[in-house]
Structure formats: C-alpha cells, structure tokens
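Encoded as structure tokens, the structure appears first; notes follow it.
The values are calculated or read from the model by the stated rules, or taken from the named source; none is laboratory data. Owing to the predicted nature of the structure, the values given are computational and were not obtained by experimental measurement. Note that we place each Cβ from the backbone using ideal geometry, even for glycine, and neighbour counts take in every protein chain shown. Accessible surface areas use protein heavy atoms only, side chains included; no ligands, DNA or RNA. Shrake-Rupley method; radii C 1.70, N 1.55, O 1.52, S 1.80 Å.
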Amino acid sequence: MSNSENIGKLMHLKLSKIESAEPCSESEFIIAGAAEAVLQAGNRNWIPIIVKETGDYQYQVVSNHFVYAVAQQAKLDLVWCIVIDPKPSNIEQAKILAREANPKVNLSTASKDTIIAVLKYLVKEHNWKNVKPVETANKIVDSNREQWSDFTPLTKLQCGLTKARLDFIAKVFSISPPPPPPPPPQAVSVKRASKDEIFDRLNYLSTNKIGGFETIDPEKTADAIFTANKGKWKTLSPISKLECGIDTAKMKIIKTVFSL
C-alpha cells in the first residue's frame, strides 16, 4: 500500500527494495565511470532516483533509470530517492524532465510557431536536410489538420515528411482533434435583437472558429450591426456591406444565428 506521507520526500532507501521495469540503454563504459564517481563522492548520488511506492517499503523506478543502473554498478546499500505521486501525468513529467521521454505537441491545434520549433528539433536531431521547418509549418497550418486521425496526410503535403519518417513524427507530435463546438445559440431577429444578443452570437462563431469568424472582432461587428439602419432590410445581405469583417462568404453562417 502506498504511503501518501512519503510523496515528495527525499529518502535514503535500500537499493534492494527498489526494482526497475525498464533497462538503461547507456553504455557499460559510461555506467562504470559514473559508478566510480559516485564511490569517490562518498557513495552518495547527488541526483536522486525518482520512484513510486508499490507496497510496504517496496519501490519502482519511474525516472532517472541511469542513476539506478549506476547505483547497482557501484553496489550501493542505500540510495537517495524522491517518492513521486504515481499519477500517469506526474510520471510522464518526470520522464520528460529526465530526458527519458519527449514532450508531445498536439498537431491538431498547435500554433505555427510551435510547429516550427518542433520541426527544427527534428531536422537537427535526424539531419533532415530536405525539410524546411517554416515552409512545412505553413503547409500544415493551411491544411485541414483538425480533421486528421493520424499523421498520414503529412506525406501528401510534399514537404519532405515521408512515410519512413512518421515514427519520428509520432515521438514529438500527437493527433487529438478539438472537441466539436457547443450547440449554437438560438437564432434571433437582427432587427429586434439587443446589442448583447448580437454580440453573443458573433462571439460564439468567433470563439469556436466557425466559418472564418475567428478573424472578426465580435464587439466591433456587433456594434456595426446594432447601429445600422435596418428598417428597410428585406434580407440579411446588407450585413456584408457594413465593412465589419463579414463578407458574402460568411453570410451562410450568419443565417444560422440571425433572422429578420
């Protein structure tokens, strides 16, 4: 049974009570050299192992597996550890901070600058000379990536991200389409609606990026529509002539939240 009182504590634990489910991939030379350094420092590992409790005085390594391998090589009796709250998100964070796992960016919603930063990392890490981060990011942002269910569409953008590179892509990107927007507010008469009612509907369209409405300023557009002389309007088409950010291409969407 895990003891919550130990979470976050730096503890001197018996190495024999700690197990690891993951091997350390570091070379024998590096491990042996690090073990000698630990022994010369008075048998103290100044970087602790991150462990979770699995039972009474029983622990499992979740991060800093290298330090655990070094402690084994040095045949330490006691080793310094920090006990972690074993929530998956905490363990993932510990692995990322120890460089045992890469942080992942949601390609479905990431900004262009973030995508560029990740692509620069991949280009440098794997020497992808034919991948241009800025151009590739522009193609991704201009695509319908919110509808993607996997990374296969990347191979069709003609940007150097071939099928053979998708495994590397999956280590730093994830695909998680944004949830569908909430139901739209009930349509109101544009002639009788208050300014707040007009704003609420425009803000809904803008916030949920529906039909290109994320480019408008809901408050200014609501003011333009509210103050317009609508007495002679027979359709909603005059809205596209108010120079408020709503062109004819957006009129089909406008008709879902406004009527006469």
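Expressed to the nearest 5 percent, the antiparallel share of DSSP beta bridges inside the stretch 18-95 is 50 percent.
Normalised by the number of residues in the stretch 119-181, the average gap of Cα pairs under 8 Å and 6 or more apart makes the relative contact order 33 percent. Among the listed pairs 17/95; 104/129; 95/129; 163/250; 52/120; 17/171, those with a Cα-Cα distance over 26 Å are 95/129; 163/250; 52/120; 17/171. Computed with a 1.4 Å probe over protein heavy atoms only, the accessible surface of the stretch 185-260 comes to 60 Å² per residue. Across the stretch 151-260, the mean sequence separation of Cα contacts (distance under 8 Å, 6 or more residues apart), normalised by length, yields a relative contact order of 26 percent.
Overall dimensions of the chain, expressed as equivalent-ellipsoid semi-axes from the Cα gyration tensor (√(5λ), whole Å, largest first), are 57, 24, 13.
Taking the chain as a Gaussian network of alpha-carbon nodes connected by springs under 10 Å, the highest mean-square fluctuation of the residues 231, 245, 212 belongs to 231. Would you mind classifying the stretch 35-136 by shape? Square roots of the alpha carbon gyration tensor eigenvalues, ordered a ≥ b ≥ c; an a/c under 1.5 is rounded, otherwise it is prolate if a/b is larger than b/c and oblate if not. Oblate is the answer for the stretch 35-136, as a/c is 1.5 or above yet b/c matches or exceeds a/b.
Rounded to the nearest 10 degrees, what's the angle between the helix 28-40 long axis and the longest principal axis of the chain, both from Cα atoms, 0 to 90? Around 70 degrees separate the two axes. Surface composition of the stretch 140-251: carbon and sulfur make up 50 percent of the accessible area, probe 1.4 Å. Taking 30, 115, 175 in turn, the Gaussian network model of the chain (Cα-Cα springs below 10 Å) assigns the largest fluctuation to 30. Remark on residue 259: its backbone amide H falls under 5 Å from those of 188, 189, 190, a criterion applied only to residues 5 or more positions apart or on other chains, H modelled at 1.01 Å from N. When the charge dipole of the chain is built from unit charges on Cβ atoms (+1 for Lys and Arg, -1 for Asp and Glu) and taken about the Cα centre, the candidate among 215, 38, 256 whose Cα reaches farthest toward its positive end is 256. Once the Cα atoms are used to define both axes, helix 88-97 deviates from the longest principal axis of the chain by about 70 degrees. Phi angles across the stretch 213-225 convert, under the Karplus curve 6.51 cos²θ - 1.76 cosθ + 1.60 with θ = phi - 60°, into 3J(HN,Hα) values of 6, 5, 8, 8, 9, x, 5, 5, 5, 4, 5, 5, 6 Hz, Gly and Pro given as x.
Per residue, the average separation of C-alpha pairs within less than 8 Å and at least 6 apart gives the stretch 1-115 a relative contact order of 34 percent.
For the stretch 50-201, compute Rh as the Kirkwood radius over C-alpha pairs and then the Stokes-Einstein diffusion coefficient at 4 °C and 1.567 mPa s; write the answer in µm²/s, rounded to an integer. My calculation gives 66 µm²/s for D. Based on the Stokes-Einstein relation at 37 °C and a viscosity of 0.692 mPa s, and on the Kirkwood radius from alpha carbon pairs, the stretch 1-94 is assigned a translational diffusion coefficient of 246 µm²/s. For the stretch 124-134, putting each phi into the Karplus relation 6.51 cos²θ - 1.76 cosθ + 1.60 with θ = phi - 60° gives couplings of 6, 5, 10, 6, 7, 5, 9, 9, 9, x, 5 Hz, in residue order, rounded to whole numbers and with x for Gly and Pro. Ordered from longest to shortest, the equivalent ellipsoid semi-axes for the stretch 1-48 are 25, 16, 9 Å, each the square root of 5 times a Cα gyration tensor eigenvalue. Among beta bridges identified by DSSP and lying wholly in the chain, the antiparallel ones come to about 55 percent.
Restriction of the trypsin sites (Lys or Arg not before Pro) in the stretch 38-139 to DSSP coil positions whose beta-carbon has at most 12 other beta-carbons within 10 angstrom yields 44, 75, 99, 129.
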